[in-house]
Amino acid sequence: MKLSVKINLNPSSEQHILLLETMRLFNKTCNTISQTAFHNQTFGKWSIQKLIYHDLRKTTSIPAQLLIRAIAVVCGSYKAEKKKMHWFKETSSIPYDTRLRTFHKSESVSLRLWNQRITVPIILGQYQAHRLNGVKLSETGESDLIYDRIQNRFYLVITFDQPETPTQQSSKVLGLDLGIKFLVADSDGAIYTGAQVEQTRNRYAELRKRLQAHNSKASYRHLKKLSGKEHRYCKDIDHCLSKQIVQKAKGTGRSLALEELKGIRDQLGRRPERKRVPVLGNSAPLSVEKPRKHVRKSVRTLINKWSFSQLRLFIAYKAKIAGVRVFVVPAYYSSQTCNVCGHVSKSNRISRDNFRCKNCGHAEHADINAAKVISQRASVNRPTASGVGLTFTRMPYRARCKPTDLSVGR
Ligand SMILES: [Zn+2]
């Protein structure tokens, strides 16, 4: 599978200026190409090259290979959307292919700039060194030169092939319930969240509220900074959690099972799409809004803040590297289903955290019960599964359909 690692460049101050100049020139060229491509409605690589290459070589100081990359960037960008003209920010990334970039061991990299080639020292952190262990940098493909405006630093994002560990075929499954209050509960009865995480999240929410109320230039600046900080905090938590979970599954020789969570935001948090219905004889369109389920604002904020998809993605890719299989099972009624007798009822869930089955009286933490149900759903359709021995007679039909493998990467 393809993985990418961001490495830190350590240019001298002159090199820093040159790198910035190259970036600006590259993106300015992209904008010129984009305009020509859009006005001529020509989006193919070769046709754009024919149209503009010689002119740009004469009128600008951009080197041939960088110009070819700029054309490729513009083409790639128009592949997704051709209806409007695309603009590139002056510090958008530059793709550096092997002709433009040469690694000297893992100490420095030589980069082609607008007027010359420079050798920039690279700094590998502990994580980068670990990830790139055994990877020949000279054999990696295209990498992106990126600029972080806030930190005023340049980075190189290297993409490389990570050999996959053969997936272990296991009949045992560790079920995971991703939640809002408790980030993850597993079918072993472990809950992965700390009071500290909860506290930090609340602290950020409080601070954000106060800053938003203040509504000044300084508070806006602070808010922006806070958003970055919070984002990095969430990412770090997701990395740590997913690592821990995957290691647990690998260590105990089990597969993982996750709920299908498509549309959780639509179900709970996000405002439903407005339907515009034109009314005859009235020029103003009438907006019809579907009634939405009432969910407390604090919960909506949390759902939208916490990135479930990121945690799932991290679990998926770390599992793939470790050779742990990940199943995705349907999510219907998992929080209302008893993992002992299979009874489904809304009244089984007596409170946010407590589950007590109306049929058999089984009582457990609600999230752990859900994780067990998820684990059983992944096992139930597989003949090799043992020790499940449960009936799902009352489970809705859709919930009985087959679990699927979670796919990740290219
Ligand atoms: Zn029960």
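Just a few scattered comments:
- Within segment 132-151, the set of residues being open to solvent by less than 80 Å² (accessible area, probe 1.4 Å) and either within 17 Å of Asn10 (Cβ to Cβ) or touching a helix residue (DSSP H, G or I) at 6+ places or on another chain (Cβ under 8 Å) (or both) comprises Leu132, Leu137, Ser143, Leu145, Ile146, Tyr147, Asp148.
- Within segment 317-338, the set of residues being among the hydroxyl-bearing types (Ser, Thr, Tyr) and away from the ligand (no atom under 16 Å from the Cβ) comprises Tyr317, Tyr332.
- Among residues of segment 58-92 being touching a residue at least 60 places away in the same chain (Cβ under 8 Å) and open to solvent by less than 40 Å² (accessible area, probe 1.4 Å), the one that is farthest from Ser34 (Cα to Cα) is Thr91.
- Among (1) buried (at least 19 other Cβ atoms within 10 Å of the Cβ); (2) more than 23 Å from Gln310 (Cβ to Cβ); (3) at pLDDT below 90, the one test that Ser170 misses: (1)
- The test for being hydroxyl-bearing (Ser, Thr, Tyr), assigned to a helix (DSSP H, G or I) and within 30 Å of Tyr127 (Cβ to Cβ) holds for Thr22.
- Those helices (runs of 4 or more DSSP H) lying entirely in segment 31-147 with at least 1 residues within 22 Å of Ile158 (Cβ to Cβ): 64-80, 126-131
- Matching residues in segment 212-227 - criterion: being more than 17 Å from Thr200 (Cα to Cα), open to solvent by less than 100 Å² (accessible area, probe 1.4 Å) and among the polar types (S, T, N, Q): Ser216, Ser219
- Taking first residues from segment 339-353 that are within 9 Å of the ligand (Cβ to nearest atom) and partners that are open to solvent by 30 Å² or more (accessible area, probe 1.4 Å) and in a helix (DSSP H, G or I), the Cβ contacts under 7 Å between residues at least 6 apart in sequence or on separate chains come to Asn339/Lys372.
- Any hit, segment 115-126, residues being in contact with a Gly (Cβ under 8 Å, 6 or more places away or on another chain), in contact (Cβ under 8 Å) with a residue 12 or more places away in the chain, assigned by TED's automatic domain parsing to the domain that holds Ser92 and exposed (fewer than 13 other Cβ atoms within 10 Å of the Cβ): no
The values are calculated or read from the model by the stated rules, or taken from the named source; none is laboratory data. Remember, predicted model here, so these are calculated numbers, not experimental data. A quick note on method: Cβ atoms are made from the backbone with ideal geometry, for glycine too, and the neighbour counts reach across all protein chains shown. Calculation scope for accessible area: heavy atoms of the full protein, side chains included, ligands and nucleic acids excluded. Shrake-Rupley method; radii C 1.70, N 1.55, O 1.52, S 1.80 Å.
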